[in-house]
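The values are calculated or read from the model by the stated rules, or taken from the named source; none is laboratory data. All values reported here derive from a predicted model rather than from experimental measurement. Cβ: placed from backbone, ideal geometry, glycine included. Neighbour counts: every protein chain shown. Quick note on the areas: whole protein, heavy atoms, side chains included, nothing else; ligands and nucleic acids left out. Shrake-Rupley method; radii C 1.70, N 1.55, O 1.52, S 1.80 Å.
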Amino acid sequence: MTVADAWQAGCEHLAALGIDEAGITADVLLRHALGLTRTGLYLAWNRPIDAAAWARYRALLEERARGRPVAYITGRREFMGLEFWVDERVLIPRPETEVLVETTLDAIREHQAPVVADVGTGSGAIAVSLAVFRPDARVLATDLSPDALAVASANAARHGAADRITLLHGDLLEPILTRGWQVDVVVCNPPYVAPEAAAGLPREVRAFEPALAVIAPGSPESLYARLAAASPRALRPGGWLIVEVGAGQAPRVVELLEQAAVFEAPRIRRDGIGWERVVAARLRAAVGHGG
């Protein structure tokens, strides 16, 4: 059996199970089993695959067949052009969340040595990306899960940003507020799936990704309301609150921010497929709490 034969067999197996992008998935898993890059795989395309590698590959295919996400199988996920370690302790970073990072980078473009709070950091993908693309920035990354903070710590070290990211255990902005710290931006990708909608999530999300990072406590907008209330105390005058939202949630989140009566008119930013993905609101300069 050649490497090409192995790929074909894996592709057919996954396709028969109704798994999306069977060819791409077979490619990723085969490269992982062989320890090869994409180029390396194609260079080895017509070579025989040894028994040990074939066994590894079959085991990976079976993991995918039972629904385990590819990112957890390989332990890696690309985000903002950077590779992050991920496992079942953290949410898998999504491409649409890159819009959240890009919006934050825009907000701090004119700041020197900005300070950003990444609330619910998870894998640290947002915090690390900000630190990499703005080497002068300081990031305060909070999470309620000690396990998630361990993953974020590993990713910060992996990208040489550990000295510029402070990891804090606690709920939302509480670790920052109790220390009396203030920031230029509060950025957050909160869990926003309603509890009653959890059963309708794809199996790989429902069965493998941490519920704490997916399911909103109470109503889907509950955490946005808490952030709207708490962030003015953490933000410097003129600072930004920037959040990712689920499909159809932008109008309600805008309404919550307007009701807070301390933000300028919130802005909505769409993702690459045109969905309203990010809501950003600037704290009015007159509403500062020191600096």
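Only one residue in Arg31, Arg89 is out of contact with any strand residue (DSSP E or B) (no Cβ under 7 Å at 6 or more places or on another chain), closer than 30 Å to Leu130 by Cβ, modelled with pLDDT of 95 or more and in a loop (DSSP other than H, G, I, E, B), so which one is that?
Numbers: Arg31 fails: in a loop (DSSP other than H, G, I, E, B).
From the options Arg31, Arg89, the qualifying one is Arg89.
Somewhere in the range 52-62, is a residue hydrophobic (A, V, I, L, M, F, W, C) and in contact with an Asp or Glu (Cβ under 6 Å, 6 or more places away or on another chain)? I'd like the intermediate steps shown before the answer.
Of all residues in the range 52-62, those hydrophobic (A, V, I, L, M, F, W, C) come to 52-55, 59-61.
Now narrow it down to the ones that are in contact with an Asp or Glu (Cβ under 6 Å, 6 or more places away or on another chain): none.
No, the range 52-62 contains no residue that is hydrophobic (A, V, I, L, M, F, W, C) and in contact with an Asp or Glu (Cβ under 6 Å, 6 or more places away or on another chain).
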* Hey, could you check the range 263-275 for residues that are more than 21 Å from the chain's Cα centre (by Cα) and either closer than 19 Å to Ser222 by Cβ or touching a residue at least 40 places away in the same chain (Cβ under 8 Å) (or both) and say which is surrounded by the most Cβ atoms within 10 Å (Cβ to Cβ)? => Phe263
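With the range 143-252 as the region, which strands (runs of 3 or more DSSP E) entirely inside it contain at least 1 residues that are closer than 30 Å to Glu63 by Cβ, modelled with pLDDT of 95 or more and not aliphatic (A, V, I, L, M)?
Values: elements: 165-169, 183-188, 235-244.
It comes to 235-244.
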* Structure fact -> Selection from the range 92-118 of residues open to solvent by less than 50 Å² (accessible area, probe 1.4 Å) and assigned to a loop (DSSP other than H, G, I, E, B) yields Ile92, Pro93, Ile108, Pro114
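Hey, can you tell me all the residues within the range 60-73 that are assigned to a helix (DSSP H, G or I) and closer than 25 Å to Leu100 by Cα?
So the first thing to find is which residues in the range 60-73 are assigned to a helix (DSSP H, G or I), and the list is 60-65, 70-73.
Val70, Ala71, Tyr72, listed by residue number.
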* Structure fact -> Given (1) free of Cβ contacts under 8 Å to residues at least 60 places away in the same chain; (2) touching a helix residue (DSSP H, G or I) at 6+ places or on another chain (Cβ under 6 Å), Arg38 misses just (2)
* Evaluation of Phe84 against (1) surrounded by fewer than 19 Cβ atoms within 10 Å (Cβ to Cβ); (2) in contact with a helix residue (DSSP H, G or I) (Cβ under 9 Å, 6 or more places away or on another chain) (one fails), failing number -> (1)
* Scan of the range 9-22 for residues that are exposed (fewer than 14 other Cβ atoms within 10 Å of the Cβ) and part of a helix (DSSP H, G or I), ordered by number -> Glu12, Ala16
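Does at least one position in the range 46-59 carry a residue that is of a type in the set (Val, Ile, Thr), open to solvent by less than 60 Å² (accessible area, probe 1.4 Å) and outside any helix (DSSP H, G or I)?
Kept after step one, since they are of a type in the set (Val, Ile, Thr), are these residues of the range 46-59: 49.
Within this subset, residues satisfying the condition of being open to solvent by less than 60 Å² (accessible area, probe 1.4 Å) are 49.
Checking which are outside any helix (DSSP H, G or I) leaves us with 49.
For the range 46-59, residues of a type in the set (Val, Ile, Thr), open to solvent by less than 60 Å² (accessible area, probe 1.4 Å) and outside any helix (DSSP H, G or I): present.
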